[in-house]
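Here is the structure we will look at, set down as structure tokens.
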Amino acid sequence: MSQEIKSKLHTRNKHNKPYDFDALIAQTPEFARFITTNKYGIRTINFFDSEAVKLLNKSLLKNDYGLDFWNIPAGYLCPPIPGRADYIHFMADLLSEEKSGEIPKGKEVKLLDVGTGANCIYPLIAAMEYNWSAVGCDIDETSVKVANAIVKANLPLTKNIAIRKQPSANHFFKNIIKPTEYFAATVCNPPFHASEAEAISSNLRKIKKLTGKKTTETKLNFGGTHSELWYPGGELAFIKNMIAESVNYATQVGWFTSLVSKGGNLENIYNALDKVAAKKVRTVDMGQGNKISRFVAWKF
């Protein structure tokens, strides 16, 4: 059922090159204290340090997109920007399929980010790269307030981005999509885990794999709150519930999409899409460094 689109590198992604640390330090001087030189003589940062990752993001957003302000509270998800930018660029490619290969640009192209988080990354990149309009929604009150503050602090974005509070943890589009609204596409970075214990266990395995060392450190380097990291039934349940609700908005959304962290979930996702009679399904493989990710897209 699914047509797979494979790519490991998106040519429009500003981040598909080694970090220019001198340029990033010029934008955010405090970032300098987190930069070290590894045993191969390459400048880098400790990606297990949440503060270092946050300042890297802040510097990238200022250097590559001209954002004057970006900051999130401690403990909130701080996503790796290169992979998030890839998602937006591949979304642009998907939308171009119905425009004879020409990527649509401008505020008339409207994107919905389900679970935008405090970081608001997808609306920010969509607005800065393609001048799209975007709505970001979240169930967490702090995330909504912080995302709104980021938008309001960057004046060019205030006419492009709106942030809305989702009052129900059981819904994705209801309460958010207004009766007369139309979105060209939706994006989502779903909670990957079924519980806090599973999230911590996964992080410990990741640290051991990357460092070769066991640790009892339960702090997550990219942060993340309850609603950002886990959901009853995990990623698969979240996406299947989203698919079920998407039927009710079939005429108000062009492409529904979601990141899928675990490739083993794809078959069950395709089965769920079969049950709701999705007319088109795409699976887009993306890659950043050693990390392979993907998103599934469907439309009615």
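The values are calculated or read from the model by the stated rules, or taken from the named source; none is laboratory data. Just so you know, these numbers come straight off a predicted model, no measurement behind them. Glycine gets a Cβ as well: all are built from the backbone with ideal geometry, and neighbour counts include every protein chain shown.
Quick notes on this structure:
- The lone exception for Ala118 - which of (1) surrounded by fewer than 18 Cβ atoms within 10 Å (Cβ to Cβ); (2) closer than 28 Å to Thr158 by Cβ; (3) of a type in the set (Gly, Ala, Ser) it fails: (1)
- All conditions in (1) modelled with pLDDT under 95; (2) of a type in the set (Asp, Glu); (3) closer than 21 Å to Leu157 by Cβ hold for Glu108, with the sole exception of (1).
- At least 3 residues being in contact with a Gly (Cβ under 9 Å, 6 or more places away or on another chain) and over 20 Å from Arg282 (Cβ atoms) is the threshold, and among the strands (runs of 3 or more DSSP E) wholly inside region 88-167 those reaching it are 133-138, 161-165.
- Within region 251-286, tally of residues that are assigned to a loop (DSSP other than H, G, I, E, B) and among the hydroxyl-bearing types (Ser, Thr, Tyr): 2
- Enumeration of residues in region 273-286 that are surrounded by fewer than 21 Cβ atoms within 10 Å (Cβ to Cβ) and either modelled with pLDDT of 95 or more or touching a helix residue (DSSP H, G or I) at 6+ places or on another chain (Cβ under 8 Å) (or both): Asp274, Lys275, Val276, Ala277, Lys279, Lys280, Val281, Arg282, Thr283
- Scanning region 31-76 for residues that are among the small types (Gly, Ala, Ser), at pLDDT 90 or above and not in a loop (DSSP other than H, G, I, E, B) gives Ala32, Ala52, Ser59.
- The residues in region 150-170 that are farther than 11 Å from Asp113 by Cα and crowded, with 17+ Cβ neighbours inside 10 Å can be counted, and the count is 6.
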